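Right, I'll just put the structure down here and ask away after.
The values are calculated or read from the model by the stated rules, or taken from the named source; none is laboratory data. This structure is a prediction, so every number in the text was calculated from the model and none was measured. A quick note on method: Cβ atoms are made from the backbone with ideal geometry, for glycine too, and the neighbour counts reach across all protein chains shown. Surface accessibility is based on the protein's heavy atoms, side chains included, excluding ligands, DNA and RNA. Shrake-Rupley method; radii C 1.70, N 1.55, O 1.52, S 1.80 Å.
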Amino acid sequence: SSGINAEWPLRPGDKLIAHTEKITEFGEAELFCFHLSKVTRYDRKLGIMQFIGTFDEQYTRLLSQVKAVKEVSYSIKDSARLKKVLEVILALGNYMNSGRKGIAAGFKIQSLSRVSETHSGDYKVTLLHYIVKTIHASMPELVGFTMEFSHLDEAKKVALKDLVDDIQEMKKNLDTVLDERDKQRDNFVIFSFYNRAQRKVKRLGEQTRQMLEGYEAVCKAFGENPKRIEPQEFFKFFSDFFCQFEKVEKELNEAATKKKNKPAHLTKEASRNLINEAMV
């Protein structure tokens, strides 16, 4: 986004200033542009007007993104149920690879996608099917763990560098408003806006600090460098895994319901007995 002090491309009155002697011949539109161009700090004041007009919308958008990344970072890092699910995956992975490799102490989050890509010999089920069945049968307390991360969809769309740059730009613009307020001490609009916006930007700054700390912590917990991986990539690994997990749950539930509602197959002897009883 352009800062408040950026040059505005359109200054229609500039050319008119060179023809001041013909001011009596100017029409209404020309007079307006002429007088507007003589306003001191014209570009800056227009920029401040635009900033004031769009501030609340920008603030709401930025704060929403910051809170989404912060809350998902801490949710993933501190989730006891997710930790248990990942332990199940690690244990099964070690069991499957026991003949070829040593015991692994962990795995990269990129490996989560392989859980749904590892098929049985007949390609009818995947490793994820087995994991879901195991959890539902032996660890019912873990069922529904994917519902813990309500802000994940928003967090996985955030480009952290762009977000931080936009927040810094907002702070810089507010400093310009402060400077203009000191030049126009009787301007109530700028005075009241600055006081209100300054409190919001201070809150945004604190939330941003917590977000960066949380994102760094969750990245390091999973062996990733927060400076080399964006939330768009990091959180997508979890989002894709959760979607696949829920998809397999749905498939297994539908299969179980279908099996439960399927009429029992009658043997020939049982069929004859039913016919004989009906004929009595």
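What does the charge dipole of the range 105-171 about its Cα centre add up to, to the nearest 20 debye, if the Cβ of each Lys and Arg holds +1 and the Cβ of each Asp and Glu holds -1? Don't jump to the answer; show the numbers that get you there.
Numbers: 8 positive and 10 negative charges, 68 e Å.
Taking the Cα centre of the range 105-171 as origin, the dipole is about 320 debye.
Let me ask something additional. For residue 118, enumerate residues with amide H under 5 Å from its amide H, sequence gap 5+ or separate chain, H modeled in the peptide plane.
Residues meeting the criterion, in which the H sits 1.01 Å from N, are 127, 128.
Between residue 138 and residue 57, what's the calculated FRET efficiency when r is the beta-carbon distance and R0 is 45 Å? Round to 0.05.
Numbers: r = 50 Å, r/R0 = 1.10.
The computed FRET efficiency comes out at 0.35.
Follow-up. Quote the accessible area belonging to residue 166 in square angstrom, nearest 10, computed with a 1.4 Å probe and with ligands, DNA and RNA left uncounted.
My reading of the accessible area for residue 166 is about 50 Å².
Beyond a 30 Å Cα-Cα separation, which of these cross-linked pairs lie in this structure: 70/258; 67/171; 161/202; 133/227? Write down the numbers at each step before the final one.
Numbers: 70/258 42 Å; 67/171 18 Å; 161/202 19 Å; 133/227 37 Å.
As for pairs spanning more than 30 Å Cα to Cα, those are 70/258; 133/227.
With just the Cα atoms defining each centre, how far is the range 60-99 from the range 135-191? Give it in Å.
With the range 60-99 and the range 135-191 each reduced to a Cα centre, they are spaced 21 Å.
Moving on to the next point. By how many nm would the segment from residue 232 to residue 161 lengthen if fully extended, with 0.36 nm per residue of separation less the alpha-carbon distance?
Working: separation 71, 0.36 × 71 = 25.56 nm, distance 1.11 nm.
Result: 24.5 nm gained on full extension.
Apply the a/c threshold of 1.5 to the C-alpha gyration tensor of the range 173-266 and tell me whether it is rounded, prolate or oblate. Write down the numbers at each step before the final one.
Values: a/c = 6.32, a/b = 2.68, b/c = 2.36.
Prolate is the answer for the range 173-266, as a/c is 1.5 or above and a/b outweighs b/c.
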